[in-house]
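Following: one structure in structure tokens, then a few remarks.
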Ligand code: NDP
């Protein structure tokens, strides 16, 4: 762990093993932090808060730019470690580290662009009365991230928190603590004052519970499962901590009859199967217009059959293992439920054999599934995709909206009027038109319905790391 400017072990001395999902080999160990360790980190962040909040935005930006450079120098080393502890192909791990760096640079640049408001107050008894709305840092923040994108999703918390003058304690998932700890250590080498950025590793049920319930913490940013998010909101809500939640998704992709079918098929394959399908914003339901259904599905099938399953560190691997066996079993059960309800397999549909662990699953396409099947109504966090025929855009949007989730969505068409209509009607935090998420930082990202509350990315994310403070000048006496 990294607390108060130093690399430390847990108070108990206990450690957790981290295993490579592809081989089962131990990649390393990390301290098994407890509530006591979390308290140490929170106390350090609290002590560091006041002086850090008084630094200028330029000073904070300098640290973040320097941190970006340090991560850049360790890019390949970090990507390899990330691939080994998470399971993703090294090329995807390289991209993840790039997104992380881009985010640091984005918030470094934004730190000095923060503006407040000047508001005349004409109904005051004195002339010239006005108010100012300042944006003040909140205090000690906590960032909790999942195992699917351990680095980017830690970065979405660190960048805006530090740029805004807050201090932070982050906690990665217990199965992916290694790269995140190394990154926090590197970031601290930028000369950050001690206690400004800390990392605690350890189980959510102990270290995590302390982070979300400790009264010194004023803000919790969480990415993970909807169920965990509900619990975090309840606990953090007891003393009204500021909370943002980035939760599960079941993103619909709509392919219209006038779409560029080749490109749409390529992107459907990428959008569903990168990170072995374990992405909140992966395409999880595909709605294709009847007129082009057969043609499109054939193209997609050709691409999916060429995806090479393998160990993440092997050069031509496109699909690595699922992160753990429970996750593989869950996807398998969701596919089996679809088949029991009349669904048919076009590709995949079973565990991939010939590997050292049971975590591999073939990229799977399923058709003729009723819309109330588990594979449609639940989040499928793995490489399986149900495909549906739709007659027109109204039916596609209606089905797209029949989900408890509302994170991402996409529409593929050459007709911008149709695309705009769908973008207005789809219940989601974002609609991509002939596109998917490319890891940009410029726009806010987050969910509606049970996909979460609040936004990460974009200048908007900074708003969640400030409290608006009104200061009133009474005017001329
Ligand atoms: P979890 O919710 O299981 O865990 C996420 C993090 O929360 C981990 O660090 C975990 O620690 C911690 N945690 C668990 N219980 C508690 C607790 N009681 N108090 C505090 N912290 C706790 O999610 P997964 O790791 O399984 O990640 C997959 C999920 O993340 C999917 O549902 C996916 O959709 C979602 N996600 C959402 C994104 C978005 O932007 N909307 C982006 C990416 C993923 P530990 O590991 O020790 O249990």
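The values are calculated or read from the model by the stated rules, or taken from the named source; none is laboratory data. From a predicted model like this one, the values you see are computed outputs, not experimental measurements. Note that we place each Cβ from the backbone using ideal geometry, even for glycine, and neighbour counts take in every protein chain shown.
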Out of (1) within 16 Å of the ligand (Cβ to nearest atom); (2) part of a loop (DSSP other than H, G, I, E, B); (3) more than 30 Å from residue 331 (Cα to Cα), the one residue 414 does not meet is (1)
Kindly check whether there is at least one residue in the range 352-374 that is surrounded by fewer than 23 Cβ atoms within 10 Å (Cβ to Cβ), within 15 Å of the ligand (Cβ to nearest atom) and either touching a residue at least 60 places away in the same chain (Cβ under 8 Å) or under 22 Å from residue 92 (Cα atoms) (or both). no
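Look at residue 470 and say whether it is surrounded by fewer than 24 Cβ atoms within 10 Å (Cβ to Cβ), in a loop (DSSP other than H, G, I, E, B) and out of contact with any helix residue (DSSP H, G or I) (no Cβ under 8 Å at 6 or more places or on another chain).
So residue 470 fails the test.
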Of all residues in the range 244-258, how many are within 16 Å of the ligand (Cβ to nearest atom), touching a strand residue (DSSP E or B) at 6+ places or on another chain (Cβ under 6 Å) and outside any strand (DSSP E or B)? 2
Please pick out the residue among 212, 199 that is closer than 25 Å to residue 5 by Cβ, more than 10 Å from the ligand (Cβ to nearest atom), crowded, with 17+ Cβ neighbours inside 10 Å and modelled with pLDDT of 95 or more. 199
Among the numbered criteria (1) within 16 Å of the ligand (Cβ to nearest atom); (2) outside any helix (DSSP H, G or I); (3) free of Cβ contacts under 8 Å to residues at least 60 places away in the same chain, which one does residue 230 miss? (2)
Before we move on, is residue 298 in a loop (DSSP other than H, G, I, E, B) and either touching a helix residue (DSSP H, G or I) at 6+ places or on another chain (Cβ under 8 Å) or over 19 Å from residue 225 (Cα atoms) (or both)? no
Pick from the range 320-342 the residues that are surrounded by fewer than 22 Cβ atoms within 10 Å (Cβ to Cβ) and in a loop (DSSP other than H, G, I, E, B): which of them is farthest from the ligand (Cβ to nearest atom)? 342
Please go through the range 105-119 and give me each residue that is buried (at least 22 other Cβ atoms within 10 Å of the Cβ) and more than 12 Å from residue 440 (Cα to Cα), ordered by number. 107, 108, 111
Unique match (being in contact (Cβ under 8 Å) with a residue 40 or more places away in the chain, in contact with a strand residue (DSSP E or B) (Cβ under 8 Å, 6 or more places away or on another chain) and more than 30 Å from residue 237 (Cα to Cα)) among 392, 415: 392
All but one of (1) more than 7 Å from the ligand (Cβ to nearest atom); (2) in contact with a helix residue (DSSP H, G or I) (Cβ under 8 Å, 6 or more places away or on another chain); (3) farther than 30 Å from residue 376 by Cβ hold for residue 237, so report the exception by its number. (2)
When residues of the range 420-442 are limited to those that are over 30 Å from residue 108 (Cα atoms) and crowded, with 21+ Cβ neighbours inside 10 Å, the one farthest from the chain's Cα centre (by Cα): 422
Filtering the range 218-227 down to residues that are surrounded by 18 or more Cβ atoms within 10 Å (Cβ to Cβ) and within 11 Å of the ligand (Cβ to nearest atom), which residue is farthest from residue 463 (Cα to Cα)? 226
Filter the range 284-294 for residues that are surrounded by fewer than 18 Cβ atoms within 10 Å (Cβ to Cβ) and either closer than 14 Å to residue 346 by Cα or in contact (Cβ under 8 Å) with a residue 40 or more places away in the chain (or both) and give the result. 290, 294
